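The values are calculated or read from the model by the stated rules, or taken from the named source; none is laboratory data. These numbers come from a predicted model, not from an experiment. Virtual Cβ from ideal backbone geometry, glycine too; neighbours counted across all protein chains shown. Accessible surface is based on the protein model in full, side chains and every heavy atom, while ligands, DNA and RNA are left aside. Shrake-Rupley method; radii C 1.70, N 1.55, O 1.52, S 1.80 Å.
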Amino acid sequence: MGNIIIIGSASIDLVVKTDNIPQNGETVMGTSFFTAPGGKGANQAVAAARLSNNVYMIGAVGNDAYGQQILDNLKENNVNTKFIDVIENETSGTAHITLYENDNRIIVVPAANKYVTAERVLPKLEQFQTGDIILMQHEIPEETIEAVVDFAVEKKIQVMLNPAPYRKVKKDILDKVTWLTPNETESELLFENNVEAALKQYPEKLIVTKGADGAIFYNNGVKQVSGFKKEVVDTTGAGDTFNGALAVALNENQQLVEAVNFANLAGSYSVTGLGAQGAMPYRKDLD
């Protein structure tokens, strides 16, 4: 079993719950507010590290109280943080989240996450090798992702790309990554509403998540792996939990259908508590 290396964003989530969404120029009352560690990279790192050992994160935080909070939280959750840079004279990333009617709306301010550059990341990857898995998302610069994918191909390291939040992905990158894990909305945008053809083009590579309905991929036909129904408290971080758990299962050499089932189960737990990481399961929960 190899290492899992998450390259991505680390932030603090500023979360407000409300029964009313304001219109332009309108002020409404919220029902509660809290802060919690987040960022898609850190979320996926915590999700993986609660289920497995040998999880590393490569990223950046600011030299501020939020940055220290992010690092402390990752360490407490079994993530190796030795490759996370602390950026002087920069703030840590934040995500401003509104929870409304079992859904969320999010504004991300990258701040220190802009420093997750190829120049900083590639030297850190030199110690990893064939058999390891790299997991990335879109809250870091596009140039970094492209450079890491090229490096990984050369070193024969597997790469999972979670293309969230959505931005266009070059076909060259789609062809080179080992797994691609968009949700339904991202997949429609990526493949211009022709997801079925894309599934056939990328068998057992393109895995489209469908929330509580599970996920689909192609293997001699479209395979749907059903989700698990649980009472929803907060959907923030469900996709990140799926991706972290999927990386763990694939790192354990589970067959894809078994790995997706494992990830679906992990994702179902994550919606049962507040905050992106609050209800992410531990291995004993899934076992």
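General remarks:
- What a 1.4 Å probe finds exposed on region 159-287 is 47% carbon and sulfur by accessible area, rounded to a whole percent.
- Per residue solvent-accessible surface (Å²) - the chain, probe of 1.4 Å: 45
- Relative pair counts by distance (%), Cα atoms of region 20-154, 5 Å bins: 2, 9, 18, 20, 19, 14, 9, 6, 3, 2, 1
- Overall, the chain carries a charge dipole of about 500 debye about its Cα centre when +1 sits on the Cβ of Lys and Arg and -1 on the Cβ of Asp and Glu, all other atoms neutral.
- Applying the criteria of a DSSP loop state and at most 14 other Cβ atoms within 10 Å to the GluC sites (Glu not before Pro) of region 193-245 yields E231.
- With the charge dipole of region 202-262 set up from +1 on Lys and Arg Cβ and -1 on Asp and Glu Cβ about the Cα centre, the Cα lying farthest toward the positive end among the listed residues I216, T236, A247 is that of I216.
- Along region 237-243 the Karplus relation, 6.51 cos²θ - 1.76 cosθ + 1.60 evaluated at θ = phi - 60°, assigns HN-Hα couplings of x, 5, x, 5, 5, 4, 5 Hz to successive residues, with x for each Gly and Pro.
- For the chain, built as a Gaussian network whose Cα springs stay under 10 Å, the top-fluctuating residue of N89, N253, N80: N89
- Carbon and sulfur %, accessible surface of region 35-115 computed with the full protein complex present, 1.4 Å: 43
- The helix-only estimate of mean residue ellipticity at 222 nm for the chain, built from DSSP H runs of length n ≥ 4 each weighted as -39500 (n - 2.57), is -10000 deg cm²/dmol after division by the residue total.
- Gain on full stretching of the segment that runs from E204 to V109 - 0.36 nm per residue minus C-alpha separation: 30.8 nm
- Violating pairs (Cα-Cα greater than 20 angstrom) within the set K40/K82; K40/K155; K223/K284; K171/K205; K156/K200: K40/K155; K223/K284; K156/K200
- Close amide H pairs (under 5 Å, H built 1.01 Å from N) link E139 with S9, residues at least 5 positions away or on another chain.
- Cβ-based charge dipole, region 21-122, positive-most Cα from N113, T35, A45: A45
- Summarising the amide proton neighbourhood of V159: residues at separation of 5 or more, or on other chains, whose placed amide H is nearer than 5 Å comprise I134, T178, W179.
- Within the chain, the percentage of alpha carbon pairs spaced more than 27 angstrom apart rounds to 36%.
- With θ taken as phi - 60° and the Karplus curve 6.51 cos²θ - 1.76 cosθ + 1.60 applied, the whole-hertz 3J(HN,Hα) list for region 138-155 is 9, 8, 10, x, 4, 4, 5, 4, 4, 5, 5, 4, 4, 4, 5, 4, 5, 8 Hz, x standing for glycine and proline.
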